[in-house]
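The values are calculated or read from the model by the stated rules, or taken from the named source; none is laboratory data. Here the structure is a predicted model, which means the values were calculated and not measured. Ideal geometry is used to build each Cβ from the backbone, glycine not excepted, and the neighbour counts take in all protein chains shown. Surface accessibility is based on the protein's heavy atoms, side chains included, excluding ligands, DNA and RNA. Shrake-Rupley method; radii C 1.70, N 1.55, O 1.52, S 1.80 Å.
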Amino acid sequence: MRSTTTNAPGILELQHSAQVLGACPHDCPDTCSLLTTVKDGVALKVQGNPAHRHTDGVLCAKVSRYTERTYHPERVLTPLKRTGPKGSGRFEPIGWDAALDDIASRLKSIAERDPQAIVPYSYAGTMGLVQAESMAARFFNKLGASLLDRTICSAAGGEGVAQTLGGKVGMKVEFFAEAKLIVIWGSNPITSSVHFWRVAQEAKRRGAKLVCIDPRRTETARKCHDHLQLLPGTDAALALSLMHELIANDWLDHDYIAQHTLGWDALRERALGWTPERAAQLCGLDAGRIRSLARDYGTTRPAAIRLNYGMQRVRGGGNAARAVCCLPALTGAWRDRAGGVLLTSSGQFPVDRAALQRPDLLAGRAPRTINMVTIGDDLLRPASPSFGPRIEALVVYNSNPLAVAPDSSKVVAGFSREDLFTVVLEHFRTDTADYADYILPATTQLEHWDIHSAYGHTDVLLNRPAIAPVGESRPNTQVFRELAARMGFTEPCFSDDDLALVRAAYGERVDFDELLERGFCTLNIPDAPFAEGGFPTPSGKCEFFSERLARQGLDGLPDHVPNYEVPGSSAHYPLAMISPPARNFLNSSFVNVASLRASEGEPVLEMHATDAFARGIASGSVVRVFNDRGEYVCKAQVSSCARPGVVNGLGVWWRKFGLAATNVNQLTSQRLTDLGRGPVFYDCLVEVEVM
């Protein structure tokens, strides 16, 4: 069965075109514009759009092989129904009508008892506004299902930035090319944002100094002029000590502080308590290195900070982001278009989420909220007055929780419940799909309409379908549209086709004709958005002190919040572990693409020679990495990428490709960050032994 309901108009319009304009759907700040070459209905290659300045004709190694994903021999191309025990991977084909009829019947039965027992679970398998949370959100809002707190990646940093700058806003990425100092903080753009790295390299050729701050000696760190290899979870301490030096040496823009900031006196008092010596002891750095960075930052114009999400995956991640975001206002860096800070630009996009998601369909109901980080515990909770009904059904789309959620032994235990009804919309038989009652084949980005924002630039991108859906695959939107019909939902919004949803995402706020013609359009945003203040905070100023946080009983000023599991604090688990992404994967996407998995090799744990030799471990040794939550078996790699006392478990491998059918998230915890209710993947102590 092949659906043309949502895709046919685009395909018919473009069937004679050699190239089709699209957008990369993956969780990356670059959000590239794509050109797909099509002949006789087959996608031959995917390349970067040279007309899009941020893409500039270049794609990462992962997406340049996207046709390998679309035409993968193991792609799910027909609905599947489980025939064996959960986790066995035993399924049989079933028709769409029979599958959807049974799914709707099961969901109806649960909803009659309490619709909150049904939980959607999704994240950024696609960043598209339509195939992510449009028709799906409408469906679950009308149903009255539990809400999902989608916090698993960026919540702490995003909240920290919003509490300081007023939203997920910052400098324009293209102007980093004009900076004389670039601080790359908690980011490895050579692997995770290749187009920003090209901009940074342009600045370097013009004479800029590049400084990397990261617990791991990454590919990026090796290419920078300097690298501060601090301990995980100590970023706020470093930022506060930089403030100390800015104050002590009067490297301050007093006029900018007076006119455009709030809470200076209190922040000044706090920062003066953070000498470089104090911070150095916590961070595992030399105090002289901190002073040197402060001098560079305080005396160089323009100075820009490219912040990324690695540094906020610890208990104090929100406070750390707040502290870093205070720095540009102290020096007046915002006065220059090549100065300031950028974590994310996503808050600058005028997306009409209410039009897409229709929260009015809740009709006054206020369902409980399940945090996706704690799904392991929540699937095992009994019904109670505080928790509500036991979770009876999960509908998973755009996510692979068995691979990506923390404390994965509990996640597996929860998904293994025979009384849990699980539906997974997927391209492949992922770790999560193995535990499904039904797997429904989803289209890839080459097969459906979508529209995108970005978090690393300020262009809206349109994705046209380049080919018809492969096999019996269907867009997420169509699946939820057809489920809504079977559930008896009669509201006209459930009849909106995908092109109507694409148009609704921005309404009249962007020129849709330009999107159709070029594939992208640029938002009209000032080059130096905060040169004269005008922050989108309640005060209109950069808020060193946040009254909003204070009203919640939290500290209104940024501070160092120690890890739950402080490096060096445990005799049983003396090593801190971080789990940064492997170069050839994107979270858990692309792990099953053979060429990329071959490039990556196998799951490894990077160890410093001092730590490895003390344990009799050599490169290639099979090791057991363990703590109270579980154990992970992988190969050791003795490497200068790791600093003493810290090991790097590169992820996120599918569990089924692990040496013992586990991955690094067997070791991470379900605790939450100080702000934003996010995960603490890099706040984790372990021990390692040779097997």
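Against the empirical 2.2 N^0.38 Å scaling, what ratio does the C-alpha Rg of segment 373-448 come to? Can you show the working numbers first?
Working: Rg = 13.2 Å, N = 76, 2.2 N^0.38 = 11.4 Å.
Rounded to two decimals, the normalised Rg is 1.16.
Of all the C-alpha pairs in the chain, what % are more than 51 Å from each other?
8 percent
Where the centre of each part is set by its Cα atoms, how far does segment 242-311 sit from segment 470-514, in angstrom?
Centre-to-centre distance over Cα atoms comes out at 48 Å.
Can you give me the solvent accessible area of MET691 with a 1.4 Å probe, rounded to the nearest 10 Å²?
Accessible area, nearest 10 Å²: 140 Å².
Can you give the three extents of the C-alpha atoms in segment 100-159 along their principal axes, from longest to shortest, in whole Å?
40, 21, 15
Taking all pairs of distinct Cα atoms, average 1/r, flip it, and tell me the Kirkwood hydrodynamic radius of segment 521-674 in Å to one decimal place.
By the Kirkwood definition, the hydrodynamic radius is 18.9 Å.
Rounded to the nearest 5, what % of the DSSP beta bridges within the chain are antiparallel ones?
Rounded to the nearest five, the antiparallel share is 45 percent.
How compact and how long is segment 89-209, expressed as Rg and Dmax of its alpha-carbon atoms in Å?
22.3, 66
Rank these residues by their accessible area, most exposed first, probe 1.4 Å: LYS635, LYS656.
Largest to smallest exposure gives the sequence LYS656, LYS635.
Using only Cα atoms, what is the ratio of the radius of gyration of segment 123-279 to 2.2 N^0.38 Å?
The reported ratio for this selection is 1.31.
Evaluate the Debye formula for segment 606-691 with equal point scatterers sitting on the alpha carbons, no solvent, and hand back log10 of I(q)/I(0) at q = 0.20, 0.21 Å⁻¹, in q order, two decimals.
Result of the Debye calculation: -0.93, -1.00.
Could you order peptides 93-102, 127-136 by the average number of other Cβ atoms within 10 Å of their residues, highest first?
Per-residue mean Cβ counts within 10 Å order the peptides as 127-136, 93-102.
Could you pull out every Cys in the chain that lacks a partner Cys with its beta carbon under 4.7 Å away?
CYS28, CYS60, CYS153, CYS283, CYS325, CYS326, CYS493, CYS521, CYS542, CYS634, CYS641, CYS684
Hey, any idea what % of the chain's accessible area is carbon plus sulfur with a 1.4 Å probe? Working shown, then result.
Details: 11500 of 23520 Å².
Its accessible area is 49 percent carbon and sulfur atoms.
Within segment 569-641, what percent of beta bridges assigned by DSSP are antiparallel, to the nearest 5?
65 percent
For segment 86-202, with the dipole built from +1 on Lys and Arg beta-carbon atoms and -1 on Asp and Glu ones, taken about the Cα centre, which of PHE196, ALA111, SER88 lies farthest toward the positive end?
Checked the options; the winner is PHE196.
In whole Å, what is the distance between the alpha-carbon centres of segment 29-54 and segment 59-109?
Value for the Cα centre distance between the two parts: 26 Å.
Based on DSSP, what percent of beta bridges with both residues in segment 396-532 are antiparallel, to the nearest 5? List each step's numbers first, then the result.
On the way: 6 of 13 bridges.
About 45 percent, rounded to the nearest 5.
Give the long-range amide H neighbours of LEU148: residues separated by 5 or more places, or on another chain, with amide H under 5 Å away, using H modelled in the peptide plane at 1.01 Å from N.
Counting only residues 5 or more places away or on other chains, the set is ILE370.
Would you mind putting 404-414, 678-688, 247-257 in packing order, based on average other-beta-carbon counts within 10 Å, highest first?
Listed from highest to lowest mean packing, they are 678-688, 404-414, 247-257.
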